[in-house]
1. I'm checking my understanding of the structure. Among residues of segment 157-175 that are surrounded by 14 or more Cβ atoms within 10 Å (Cβ to Cβ) and in contact (Cβ under 8 Å) with a residue 60 or more places away in the chain, which one is farthest from residue 262 (Cα to Cα)?
2. Say whether the condition of being in the same structural domain as residue 183 (by TED's automatic domain parsing), β-branched (Val, Ile, Thr) and within 30 Å of residue 74 (Cα to Cα) is met by at least one residue in segment 253-263.
3. Select from segment 128-149 the residues that are free of Cβ contacts under 8 Å to residues at least 60 places away in the same chain, loosely packed, with under 15 Cβ neighbours inside 10 Å and not in a helix (DSSP H, G or I) and list them in ascending order.
4. Name the single residue that is surrounded by the fewest Cβ atoms within 10 Å (Cβ to Cβ) among those in segment 217-242 being among the charged types (D, E, K, R) and modelled with pLDDT of 95 or more.
5. For the condition outside any strand (DSSP E or B) and surrounded by 10 or more Cβ atoms within 10 Å (Cβ to Cβ), what is the one hit in 48, 26, 37, 78?
6. Within segment 228-287, count every residue that is among the polar types (S, T, N, Q) and within 30 Å of residue 64 (Cβ to Cβ).
7. For the condition out of contact with any helix residue (DSSP H, G or I) (no Cβ under 7 Å at 6 or more places or on another chain) and either part of a loop (DSSP other than H, G, I, E, B) or closer than 15 Å to residue 25 by Cβ (or both), what is the one hit in 60, 69?
Amino acid sequence: MLSVGALVQAVADTLDAGFAWVGVRGELAAYTRAASGHSYFTLKDASGSAALRCAMFRRAGQALDFTPAPGQQVECLGRVALYEARGELQLVVQAMRRVGAGALHEEFLRRKAMLEAEGLFDPGRKRPLPPQPAVVGVITSRAGAALHDVLTALARRAPHVRVCLYPTPVQGASAPPAIAEALASANARRAEDGCEVLILCRGGGSLEDLWAFNDERVVRAVAASALPVVSGVGHETDVTLADWAADLRAPTPTAAAELVTPTRSALLADLVARGQRLQRAVQRRLETAAQGLDRARWRLGRPAQVLAREQQALHQRHLGLARGLQAQLAQAERGLAVQRARLAALDPRQVLARGYVWLQGQDGTPVMSAAQVQAGDALTAVWADGEADITVARTRPHPT
């Protein structure tokens, strides 16, 4: 007879030998993550007639590219084992993926690479949002929770902003052309509606649920929009190709509404701050002008005083001019006297008065040398008190 431990060990060995590795498809249920990082859950059969306890250790869980949640259809790869402490059958999961996610993810990457190569995701083509839009366009389903979230956020933050709704289905085969048409319609009517920015949004969901926003037609319509587009599709962890093409991505529809509109309180605070700055600037101008007026008044004083000062200045200028003219006249007279003295000193009559004689020919030419005359020449001798006609008897040159 076997002990409990021996029997459990024998069954465990049999399972290891027969099911070393096995792939299992099912629906996640009762998913929990322990503080250690290990995950424990149940896989249910599609018919609901069978269930399998599963364990996935932390290292395998860190390799997942999605967040497991109850209700998801998954494919698990692992080994069948027996939890000996309780004698329970379990699947130790080494890898897990969502059903269909692999093919969709590959298509997502292919489209992303193609559209990125065309420049549709280029950061240089992103446009800034209007700082204070008066009209915001919303492209989403009328019945979706996203519309309610956006309207609630706008009403709370900026009740003065008007909303234009461009309704469209956001899931299913009809969604992509309808979304593209809504984007085109919003742009065509932007002058009529006054719309300044668009919010493209929907609630969260699986990759399949959000697939319309990975459609090439939708992505190209977003990129071609003349109006700035804010994409608020799904939850924070959801990323679509429309997010890449949009001018700005918001993690949720509510966040999209918050990004496109400043709060009313912020606008009022900014207005108050601007008013205070303007008041201070005007006050400074007034103070500067008042100081300038005081300085001008001080310089101007009373008219009679100003007139008296000007008359005194004019009198001083007159006295100075008279003194200047007298000084110039005296200097001129002194110069004239000097010139008179110089002329008098050079006057031949002054020389003759000292006993000298001036000789000149009959034609008045002065005789400056004995060589100019010869015996028999008639000359005129001029003294200070008279003159006489003389005749040269002979000439005698002096030795050199």
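1. 161
2. No, segment 253-263 contains no residue that is in the same structural domain as residue 183 (by TED's automatic domain parsing), β-branched (Val, Ile, Thr) and within 30 Å of residue 74 (Cα to Cα).
3. Once the filter is applied, which keeps residues that are free of Cβ contacts under 8 Å to residues at least 60 places away in the same chain, loosely packed, with under 15 Cβ neighbours inside 10 Å and not in a helix (DSSP H, G or I), segment 128-149 yields 142, 143.
4. Here is the first cut: in segment 217-242, the residues among the charged types (D, E, K, R) are 217, 220, 236, 238.
If we keep only those that are modelled with pLDDT of 95 or more as well, we get 217, 220.
On the way: 217: 15, 220: 17.
That would be 217.
5. Numbers: 48 fails: surrounded by 10 or more Cβ atoms within 10 Å (Cβ to Cβ); 26 fails: outside any strand (DSSP E or B); 78 fails: outside any strand (DSSP E or B).
Answer to the selection: 37.
6. 5
7. Values: 60 fails: either part of a loop (DSSP other than H, G, I, E, B) or closer than 15 Å to residue 25 by Cβ (or both).
69 is the lone residue from the list that is out of contact with any helix residue (DSSP H, G or I) (no Cβ under 7 Å at 6 or more places or on another chain) and either part of a loop (DSSP other than H, G, I, E, B) or closer than 15 Å to residue 25 by Cβ (or both).
Yes/no matrix, rows are residues, columns are (1) of a type outside the set (A, V, I, L, M, F, W, C); (2) within 30 Å of residue 69 (Cβ to Cβ); (3) under 33 Å from the mean Cα position of the chain (by Cα); (4) at pLDDT 90 or above:
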{"residue": "101", "(1), (2), (3), (4)": "no, yes, no, no"}
{"residue": "111", "(1), (2), (3), (4)": "yes, yes, no, yes"}
{"residue": "122", "(1), (2), (3), (4)": "yes, no, yes, yes"}
{"residue": "149", "(1), (2), (3), (4)": "yes, yes, yes, yes"}
{"residue": "157", "(1), (2), (3), (4)": "yes, no, yes, no"}
{"residue": "161", "(1), (2), (3), (4)": "no, no, yes, yes"}
{"residue": "175", "(1), (2), (3), (4)": "no, yes, no, yes"}
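The values are calculated or read from the model by the stated rules, or taken from the named source; none is laboratory data. Just so you know, these numbers come straight off a predicted model, no measurement behind them. Cβ atoms come from the backbone with ideal geometry, glycine included; neighbour counts cover every protein chain shown.
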